[in-house]
Amino acid sequence: MARTEPDRKLYLAVHKEVFFDIFEEPLGRLLLEDYHVPMIVFDFKTEEIVKWTD
């Protein structure tokens, strides 16, 4: 994607339970800080975006 569409930004979409179980823990926070992963956290039941990080 970086070669064919370099202006686009890729986001990791995760369910809110996965986000809170993994990325709200100390190790998960370190991963997000070290690798700067843009994420969209969603609730599939309500079809809502819960959190959007850049």
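The values are calculated or read from the model by the stated rules, or taken from the named source; none is laboratory data. Note that the coordinates shown come from a computational prediction; the quantities given were computed from them, not determined experimentally. Cβ: placed from backbone, ideal geometry, glycine included. Neighbour counts: every protein chain shown.
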Among LYS51, LYS45, LYS9, which is the only one that is of a type in the set (Lys, Arg) and either in a strand (DSSP E or B) or touching a helix residue (DSSP H, G or I) at 6+ places or on another chain (Cβ under 9 Å) (or both)? LYS51
Filter result (basic (Lys, Arg) and either surrounded by 11 or more Cβ atoms within 10 Å (Cβ to Cβ) or at pLDDT 95 or above (or both)) within segment 7-44: LYS16, ARG29
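Looking only at segment 16-54, count every residue that is at positive phi and touching a Gly at 6+ places or on another chain (Cβ under 6 Å) and tell me the total.
Let us first name the residues in segment 16-54 that are at positive phi, namely 36, 47.
Next, from what is left, pick out any that are touching a Gly at 6+ places or on another chain (Cβ under 6 Å): none.
The number of residues fulfilling the criteria is 0.
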Being free of Cβ contacts under 8 Å to residues at least 12 places away in the same chain and touching a strand residue (DSSP E or B) at 6+ places or on another chain (Cβ under 9 Å) is the filter; apply it to segment 37-54 and report the residue that is nearest to LYS9 (Cα to Cα). ILE49
For VAL14, state whether it is assigned to a strand (DSSP E or B) and either out of contact with any Ser or Thr (no Cβ under 8 Å at 6 or more places or on another chain) or touching a residue at least 24 places away in the same chain (Cβ under 8 Å) (or both). yes
